[in-house]
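This report refers to the structure that appears directly beneath it.
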Amino acid sequence: MRIVAAAGELRDALAPARREARTIGLVPTMGALHEGHSSLLRAASAECDVAVMSLFVNPAQFGPGEDLARYPRDRERDAALAADAGVDLVYAPAAEEVYPAGFSTTVEVGGLTDVLCGDPNRRGRGHFRGVTTIVAKLLNLVEPDVAYFGQKDAQQAVVIKRMATDLDYGARIAVLPTVREPDGLAMSSRNAYLTPADRRRAPALHRALRAAADVAVPGAAARDALAAARAELSGAGIEPEYLEARDAEDLSPVEAFNGRPALIALAARLGDARLIDNVVVGATTDPGGQENR
Ligand code: PAF
């Protein structure tokens with residue numbers, strides 16, 4: 001496995017694969033790898049001739065007061081896990097490489113970024129502008145056949161799919177199932193911020209989503225499913241930042257389930273950790289978008 005830090009080195013390293021028409025898979029990450037990332041890396045390595053991982057804690061997607069400074073960083077451990085998962089090439093640039101002096105272009109997806117995690121009263125759409133700008137740069141540099149993302153960040157996946165379609169990226173955007181701890185907690189680099197007491201409460205998020213999914217049969221009202229989730233959360237003393245049912249493709253609000261894929265998504269703050277999780281209910285043509293229970 002080779003590690004490069006400059007865009008030019010990355011392009012040079014990929015040139016032979018491109019000449020020989022070998023397929024390229026890209027897994028964008030911010031490091032602090034866990035089994036969720038490893039599942040994406042293994043898929044890229046199994047499905048593509050060349051597996052590329054980017055490793056960059058992207059300052060543009062952190063708001064003021066968010067956890068940029070303390071975001072977990074361990075390059076050696078990340079490199080070892082990437083190598084284990086079959087990655088061929090790691091792109092680990094410095095911030096000045098990605099955003100040199102004078103950098104002033106951003107990529108923004110409208111509408112889809114105004115809700116859930118992008119609600120201006122919560123994190124704000126600046127978060128997604130940061131995500132789509134870095135992912136656009138990575139897609140331009142790597143020109144992958146497939147780019148891999150996790151279903152845990154469901155809204156991010158929807159936004160990136162929209163961007164890839166709107167801007168004519170050739171890459172297929174693959175969204176793979178959330179990987180969970182044995183007690184149901186979705187794996188996340190931010191789980192490292194949980195105190196032992198909050199770690200014990202955290203599986204209530206997944207229990208809440210499962211309770212909602214049990215109610216969310218075709219014809220059921222979204223408010224009833226959300227009430228079931230809210231009851232589970234309040235039993236664990238958790239007040240969600242948001243808990244909503246939305247169309248899984250366009251994120252429009254869902255009032256009643258009708259068999260179309262619907263996303264039941266929540267965010268909650270447990271101490272210093274802001275956690276998100278979701279479940280997809282209803283028919284889906286994308287097995288990667290289905291909940292793995
Ligand atoms: O999901 C993440 O880790 C980040 O948002 C991503 C896609 C790597 C962009 O920085």
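The values are calculated or read from the model by the stated rules, or taken from the named source; none is laboratory data. Being a predicted model, the structure only gives us computed values, none of them experimental. Don't worry about glycine lacking a Cβ; one is built from the backbone with ideal geometry, like all the others, and counts go over all protein chains shown.
Quick one: in region 132-177, of everything that is more than 9 Å from the ligand (Cβ to nearest atom) and acidic (Asp, Glu), which residue is nearest to residue 59 (Cα to Cα)?
143
Please name all residue pairs, on different chains or six or more residues apart, with Cβ atoms under 6 Å, provided the first residue is in region 188-200 and is closer than 12 Å to residue 236 by Cβ and modelled with pLDDT of 95 or more and the second residue is outside any loop (DSSP other than H, G, I, E, B) and away from the ligand (no atom under 15 Å from the Cβ).
198/270
Take region 42-55 and flag every residue that is free of Cβ contacts under 8 Å to residues at least 60 places away in the same chain and either within 13 Å of the ligand (Cβ to nearest atom) or not in a strand (DSSP E or B) (or both). So that I can check it myself, show each step before the final result.
The first filter runs over region 42-55 and keeps only residues free of Cβ contacts under 8 Å to residues at least 60 places away in the same chain, leaving 42, 45-46, 49-51, 53, 55.
Matches in region 42-55: 42, 45, 46, 49, 53, 55.
For residue 118, only one of the following conditions fails: (1) away from the ligand (no atom under 12 Å from the Cβ); (2) out of contact with any His (no Cβ under 8 Å at 6 or more places or on another chain); (3) in contact (Cβ under 8 Å) with a residue 24 or more places away in the chain. What is its number?
(2)
Please work out if residue 77 is within 29 Å of residue 246 (Cα to Cα) and basic (Lys, Arg).
Judged against the criteria, residue 77 is not a match.
Which residue pairs have Cβ atoms under 6 Å apart, sit 6 or more places apart or on different chains, and have a first residue in region 144-155 that is under 15 Å from residue 131 (Cα atoms) and a second that is within 11 Å of the ligand (Cβ to nearest atom) and of a type in the set (Gly, Ala, Ser)?
If the second residue must be within 11 Å of the ligand (Cβ to nearest atom) and of a type in the set (Gly, Ala, Ser), the pairs left are 149/157; 150/36.
Checking residue 66 against (1) free of Cβ contacts under 8 Å to residues at least 60 places away in the same chain; (2) assigned to a helix (DSSP H, G or I), only one condition comes out false. Which one?
(2)
Restricted to region 186-201, and to residues that are under 15 Å from the mean Cα position of the chain (by Cα) and of a type outside the set (D, E, K, R), which residue is farthest from residue 67 (Cα to Cα)?
So the first thing to find is which residues in region 186-201 are under 15 Å from the mean Cα position of the chain (by Cα), and the list is 186-191.
So of that shortlist, the ones also of a type outside the set (D, E, K, R) come out as 186-189, 191.
Values: 186: 19, 187: 18, 188: 14, 189: 12, 191: 13 Å.
Per the criteria, the residue is 186.
Of all residues being among the aliphatic types (A, V, I, L, M) and free of Cβ contacts under 8 Å to residues at least 24 places away in the same chain in region 1-41, which is farthest from residue 132 (Cα to Cα)? Just the residue, please. Full working, then the answer.
Of all residues in region 1-41, those among the aliphatic types (A, V, I, L, M) come to 1, 3-7, 10, 13-15, 17, 21, 24, 26-27, 30, 32-33, 40-41.
Next cut, free of Cβ contacts under 8 Å to residues at least 24 places away in the same chain only: 15, 21.
Details: 15: 25, 21: 27 Å.
By that ranking, first place goes to 21.
Among residues belonging to region 117-130 that are out of contact with any Lys or Arg (no Cβ under 7 Å at 6 or more places or on another chain) and buried (at least 17 other Cβ atoms within 10 Å of the Cβ), point out the one that is nearest to residue 58 (Cα to Cα). Even if it seems obvious, please write down each step before you answer.
Applying the first criterion (out of contact with any Lys or Arg (no Cβ under 7 Å at 6 or more places or on another chain)) to region 117-130 yields 119-130.
Subsequent filtering for residues that are buried (at least 17 other Cβ atoms within 10 Å of the Cβ) retains 123, 125-130.
Values: 123: 16, 125: 15, 126: 12, 127: 10, 128: 11, 129: 11, 130: 8 Å.
Taking the candidates together, the pick is 130.
I'd like to know if region 178-185 contains one or more residues that are within 13 Å of the ligand (Cβ to nearest atom) and either buried (at least 21 other Cβ atoms within 10 Å of the Cβ) or closer than 30 Å to residue 237 by Cβ (or both).
Just the residues of region 178-185 that are within 13 Å of the ligand (Cβ to nearest atom), to begin with: 178.
In the following step, the residues that additionally are either buried (at least 21 other Cβ atoms within 10 Å of the Cβ) or closer than 30 Å to residue 237 by Cβ (or both) were identified as 178.
The answer is yes, given that some residue of region 178-185 is within 13 Å of the ligand (Cβ to nearest atom) and either buried (at least 21 other Cβ atoms within 10 Å of the Cβ) or closer than 30 Å to residue 237 by Cβ (or both).
Being within 18 Å of residue 155 (Cα to Cα), part of a loop (DSSP other than H, G, I, E, B), aliphatic (A, V, I, L, M) and at pLDDT 95 or above is true for just one of 251, 243. Which residue is that?
Details: 243 fails: part of a loop (DSSP other than H, G, I, E, B).
Only one candidate passes the filter, namely 251.
Please find, among 25, 31, 36, the residue that is in contact with a strand residue (DSSP E or B) (Cβ under 8 Å, 6 or more places away or on another chain), within 15 Å of the ligand (Cβ to nearest atom), over 27 Å from residue 192 (Cα atoms) and not aromatic (Phe, Trp, Tyr). Outline the logic, then answer.
On the way: 31 fails: over 27 Å from residue 192 (Cα atoms); 36 fails: over 27 Å from residue 192 (Cα atoms).
Among 25, 31, 36, only 25 is in contact with a strand residue (DSSP E or B) (Cβ under 8 Å, 6 or more places away or on another chain), within 15 Å of the ligand (Cβ to nearest atom), over 27 Å from residue 192 (Cα atoms) and not aromatic (Phe, Trp, Tyr).
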